[in-house]
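Each remark here refers to the structure printed beneath this line.
The values are calculated or read from the model by the stated rules, or taken from the named source; none is laboratory data. Note that the structure is predicted; figures quoted are calculated from it, not measured. Quick reminder, even Gly has a Cβ in these numbers, built from the backbone with ideal geometry, and neighbours come from all protein chains shown. For the accessible areas, the whole protein counts, side chains as well, though only heavy atoms, and no ligand, DNA or RNA atoms are used. Shrake-Rupley method; radii C 1.70, N 1.55, O 1.52, S 1.80 Å.
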Amino acid sequence: MSRSLKQVAVLLVALLCLDPHSRVSSAPICTHGPSGCHVPSLADLFDRVIQHSARMHSLSNDLHSEFEQYFLPSKNSIGKIYRKCHTSSILTPNGKENAQKLAREELTEVILKLLMAWRDPLFQLHQSMAHQQDFNSFSSNKALEMGDMAHELRKGVEKVAEKMRVLGMLGNSVTGLSAAETMLPISDSGEAMSNYELLYCFRRDSNKVQNYLKILKCRIVPEHDC
Amino acid sequence: MRNSGAVLILTFIAKLILQAAGVSPPGKPRLTSCRSPEKETFTCWWEPGGDGGLPTTYALYYHLENSETVYECPDYRTAGENSCYFNKNDTSLWVNYNITVVASNALGKNISDPVEVDVVYIVQPNTPENVTAVVVHDEQGPFVRVSWEKPRTADTRSGWITLIYQIRVKQEKDEKWEEYDAGMQKYYNVFSLHPDKECMVQVRCKPDHGFWSEWTQTTYVKMPNYIPRERSLWILITIFSIFIVLILTWTLNVKRNSMKLCLLPPVPGPKIKGFDKQLLKSGKTEEIFNTLVIQGFPPTTDYENLLVEYLEVYDNEEQELVLDGKELSEDFMKSKSSSDNDSGRGSCDSRTLLLEKCMDGREGSGSDQHQYSQHGETSWASTESSESQGAEPGSPESTDGRAKTWPVVFPQPHHHYPVGAVKPAYHNVPEILNQLSPHATPSNYHQLHHQDIPQQELRFSKSACRHSQSYNQFNLDSIDTPAPGVPPLPSLEYVEVQRVNPENMLLLRPLSDPNREPERSDCTGEDYSKVKVVTSHNILLLQRDTSHQCVDDYSQADQCTTQQPPHPCKPAVHQWNSVMPQEGMRVMGNGYVDSTVLMPSF
């Protein structure tokens, strides 16, 4: 009985292998647009990305407040600790007009640059927080989550850019990020930045990213919420 | 050294003089807050620390982070007194401003503490505008629709700033405001407002990271007077009540019969045995009443008294008889109590009675015994007579072959008593036994049996060695047999249970039998009562047996130890088996209990 079953199975497998048409290959589900499935529109993509960035920013805000509360009681000392963020070399618009003057491509590029610049530092931050005994596991988990979010956000923004390029909204001037863009969070004095400084800088940068994305969305898909 | 010292002293003196004059350098100013209404400009306010009596000027200086260039406030006027307004050109986001205020007068100056400000985090928008509240009439009832507009300065269109709104509502005479979050939309419907009351509405907004704006001015709206029709509630109540009614109806239907019984209990019809309704309907009253007549009822004798009497009377006589019995076999005297007096003994000890009682002892059901004893008519052979071989618990006297007598009233012969008295069938024993009268023929069998008797037959065998046996069998249930009439019972005689034969038959023997001779092995002239069966209540029902055999059927030959050898069986040691045949009652022929007088005493 089992022998016959084995033979049948072997035959089937052979048929499957030999028959080219039955070969299963992975393929995207919705390659042909709205014919069968729901393809998220650009507006949807933007919404998702903006939500994601909002979450990321709130996480960074929480962590920063924790730091301030437990490790830096006196406000006066804050100014002294300030060092330049490692992302300050990236030129970012610091006002509404400046941001609106930027082209879509440039704005997108700025966003991507920022996100890229924070990939490694966030990982470092999580590592150092996990090793230090001062932090509870909850904080270090937040840091880890933050790093993951930044990574996903970058992927999402890349998808949005891709979509825009497909739709013709973006020119081809958006260059891919080279490896040289990755920066090390080393301050002017050469010392590695402390956790607090990293958090401070990241809070600001995540706010920038969120803002830029909103501007981009309302410029490109201004139907609702704008 | 001397000069500095002199300078110091002079300064000190000057201060003193100035203080006496009431003037001093300005107090330290303090920056109270900085706010940006639209994330494009911002304003900082400070409070002076005291002018020191002299006109004081204030100057605000700031520098950006990581830059040493100090700038002064560009606009002191736009925002009012003691404020500094930073316009769009001067405002940079995501950059820390380090701001200080310097107060200076003729005597000196004072510098406030520095404040770090990042404009992005100090956004507080203006209040929403054009708040309108309108009453909308709906099927469900009227509600209020509140709508507003964004503050003019906030630029939400370009996505630069995102605002979320909140409204609060209060009806007149309420103490607390009800707050509702409206999200990013610019309208809101307020329900559950009370009719005919004035309603106050306020709105405010907040950016995603920032401070809440102030509440708008109150907007008033008056609710109309309407009666809330809570239709859904009534529908629910109706359905629920219908459901309950249905359940009740169904329950009543199911329990219809018991309800009838409860409400209208049936009137019990006449239930008289032997009473023929048809006869009544036909109207022949005489016949009806004739059927009701019980011959010989009511009993005119008091059996209990009789019993007592007999106990007393037969005391001595029985003694002799007992002795007779004893001669027959030694086994007779296994009785625990040698006294003949009944007093102080258990019922099983009583010679007169209670066959059932002792039988119950075997069977373990004592309740019936008590029942039995209550009637007093335990004029059955004592259980001892029926007890089986060997000492058994509950049989205080294991008498073998000892005939017991019980008081029996001997009525006229051939009395038949209606079975109507079922349980109290034994009531009638005396009557029945009355039939025995001395002129009862030896072959006079009166059979007593209960209609409901299980098919056991109790036979108490009497050995042939027992002599005169009279078989008394009484037939209780034959109403048909005409009773020759029930004379008053003049004499009451006792019938002794001579023994219990294996066939579970009580062999009775009238005490007054002149023919009675304990040792006679003659079958004739002895009266035996054959017990047909012992009912569940341990009532011995004597059986009317037409056939009369005594000697030949005794199969218990081995048991008899009589001195009468020709007799196949041995009488004396009659081990009184238990009444229940399962216990190995030996049946001796017809198994009649010899009712010879062996009762020791009553």
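In table form, for the structure just shown:
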| read-out | value |
| --- | --- |
| Threshold 30 Å² - residues in segment B:120-160 whose accessible area is reduced by that much or more when the chain is no longer isolated, probe 1.4 Å | B:Y121, B:R157, B:S158, B:G159, B:W160 |
| Integer Hz, Karplus 6.51/-1.76/1.60 couplings in order for segment B:152-164, x for Gly and Pro | 4, 6, 6, 9, 8, 5, 8, x, 5, 9, 10, 10, 10 |
| Delta accessible area of at least 20 Å² on complex formation, residues of segment B:45-70, 1.4 Å probe, chain isolated as reference | B:E65, B:N66 |
| Buried accessible area, chains B and A (both chains, 1.4 Å probe, Å² to nearest 100) | 2100 Å² |
| Within the accessible area of segment B:129-229 (1.4 Å probe), percent carbon and sulfur | 46 percent |
| Members of A:K214/B:K206; A:K113/A:K159; A:K84/A:K142; B:K39/B:K150 lying beyond 21 Å, as alpha-carbon distances in this model show | A:K84/A:K142 |
| Those trypsin sites (Lys or Arg not before Pro) in segment B:50-135 that DSSP places in a loop and that have at most 10 other beta carbons within 10 Å | B:R77 |
| Nearest-0.05 FRET efficiency for A:H38 and A:L12, computed from C-beta distance (R0 30 Å) | 0.25 |
| 10 Å Cβ neighbours from other chains, averaged over peptide A:214-220 | 3 |
| Förster-model FRET efficiency, 51 Å R0, B:L263 and B:F289, C-beta, rounded to 0.05 | 0.90 |
| Most to least packed among B:166-174, B:199-207 [average Cβ atoms within 10 Å] | B:199-207, B:166-174 |
| Sites B:V135 and A:E106 - FRET efficiency at Förster radius 60 Å, r taken between beta-carbons, to 0.05 | 0.70 |
| Cα coordinate range in segment B:203-242, projected on the principal axes (Å, largest first) | 58, 28, 7 |
| Interface residues in segment B:188-210 - accessible area drops by 50 Å² or more relative to the isolated chain, probe 1.4 Å | B:H209 |
| Probe 1.4 Å, accessible area per residue of segment B:20-118, Å² | 47 Å² |
| Protein accessible area in segment B:20-118, 1.4 Å probe - carbon and sulfur % | 48 percent |
| Accessible surface, per residue, of segment B:129-229 when the full set of protein chains is kept, probe 1.4 Å, Å² | 58 Å² |
